[in-house]
Amino acid sequence: MSDFLTVMRSRTSEVHSQVEREISLEKHLSDLSGYRDLLLRFASVWIPVEASIKASELRNCETIQLDRRMRSDDLRRDLNTVKTSLADRTTGVCEYVPVPEMTLEEAIGALYVLEGSRFGGSVILREAGHLGITPAWGGKFFSGYGNETAAMWKQFTKWADSVLAVDRLDSAAEGADRCFSYFLGQFQKTPA
Ligand code: HEM
């Protein structure tokens with residue numbers, strides 16, 4: 001395994017498990033309002049994190065197809081399809097989390113979290129099928145790159161491993177950990 005993945009996994013496995021536990025089937029996938037709530041929680045973190053990644057030095061890196069990896073528009077479209085928006089105040093997550101500027105290392109760590117979430121996304125999409133959610137109806141955000149999913153993951157992680165010398169992995173892991181904690185914070189929020 002690459003140094004990049006070894007460090008990222010060891011530094012984030014605990015918070016990943018915590019996040020995974022928060023996305024419970026009964027809470028979010030038993031009816032459409034639970035699914036709306038899930039999408040809103042994602043959006044409140046995803047959209048500002050992606051904006052910060054796009055504003056970082058990572059934007060100058062052509063090899064990883066950054067634009068293709070961005071999913072805020074899919075998320076907005078899905079929110080629209082299931083008829084909700086961040087203006088919906090019932091969930092307690094009616095605002096974007098504030099995400100500061102990121103260094104290149106932090107942006108790579110954050111992108112590791114966003115890209116890795118596609119693994120869980122495919123599970124969510126399958127489990128939400130009984131609500132009528134499909135990639136074409138409300139579930140585009142959770143759908144992967146089809147049969148290119150493994151190749152896209154490999155392209156990113158291989159590239160990250162090649163650009164980050166060992167002494168920069170710590171900052172990348174901090175960026176990943178911080179990104180995971182934004183999600184955890186929003187998933188744990190209860191309505192005011
Ligand atoms: C119900 C929710 C989730 C489930 C069931 C889930 C499940 C999984 C699974 C099965 C993997 C692949 C593990 C492997 O092959 O080693 C994975 C990897 C990953 N997931 Fe999740 N996940 C969930 C939510 C999330 C969320 C919300 C995020 C981020 C916000 C996330 C971030 C990651 C990352 C970064 C990896 C890559 C780990 C690595 O290979 O280095 N996951 N997840």
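The values are calculated or read from the model by the stated rules, or taken from the named source; none is laboratory data. None of these values were measured; they are calculated from a predicted model. Note: ideal-geometry Cβ built from the backbone for every residue, glycine included; neighbour counts use all protein chains shown.
Taking region 112-153, which residues are out of contact with any Ser or Thr (no Cβ under 9 Å at 6 or more places or on another chain), without any contact (Cβ under 8 Å) to a residue 40 or more places away in the chain and of a type in the set (D, E, K, R)? Selection gives 126, 148.
Taking the stated definitions as given, is residue 171 of a type outside the set (A, V, I, L, M), more than 15 Å from the ligand (Cβ to nearest atom) and either assigned to a helix (DSSP H, G or I) or surrounded by fewer than 18 Cβ atoms within 10 Å (Cβ to Cβ) (or both)? Steps first, answer last, please.
Values: of a type outside the set (A, V, I, L, M): yes; more than 15 Å from the ligand (Cβ to nearest atom): yes; either assigned to a helix (DSSP H, G or I) or surrounded by fewer than 18 Cβ atoms within 10 Å (Cβ to Cβ) (or both): yes.
Yes, satisfied.
Scanning region 128-159 for residues that are within 15 Å of the ligand (Cβ to nearest atom), over 18 Å from the mean Cα position of the chain (by Cα), closer than 30 Å to residue 33 by Cα and surrounded by fewer than 16 Cβ atoms within 10 Å (Cβ to Cβ) yields a single hit, 129.
Checked against (1) in a loop (DSSP other than H, G, I, E, B); (2) at pLDDT below 95, residue 140 meets all criteria but (2). Candidates are the residues of region 5-14 that are under 17 Å from residue 114 (Cβ atoms) and of a type in the set (D, E, K, R); the one that is surrounded by the most Cβ atoms within 10 Å (Cβ to Cβ) is 11.
For every residue, the table says whether it meets (1) within 14 Å of the ligand (Cβ to nearest atom); (2) surrounded by fewer than 16 Cβ atoms within 10 Å (Cβ to Cβ).
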| position | (1), (2) |
| --- | --- |
| 16 | yes, no |
| 26 | yes, yes |
| 35 | yes, no |
| 42 | yes, no |
| 56 | no, no |
| 62 | no, yes |
| 73 | no, yes |
| 95 | no, yes |
| 108 | yes, no |
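Having 1 or more residues that are modelled with pLDDT of 95 or more and over 18 Å from residue 132 (Cα atoms) is the bar; report the helices (runs of 4 or more DSSP H) wholly within region 1-77 that clear it.
Numbers: elements: 3-22, 25-28, 32-55, 66-69.
The qualifying helices (runs of 4 or more DSSP H) are 3-22, 32-55, 66-69.
Only one entry in 162, 117, 122, 181 is of a type outside the set (Val, Ile, Thr), more than 16 Å from the chain's Cα centre (by Cα) and part of a helix (DSSP H, G or I), namely 162.
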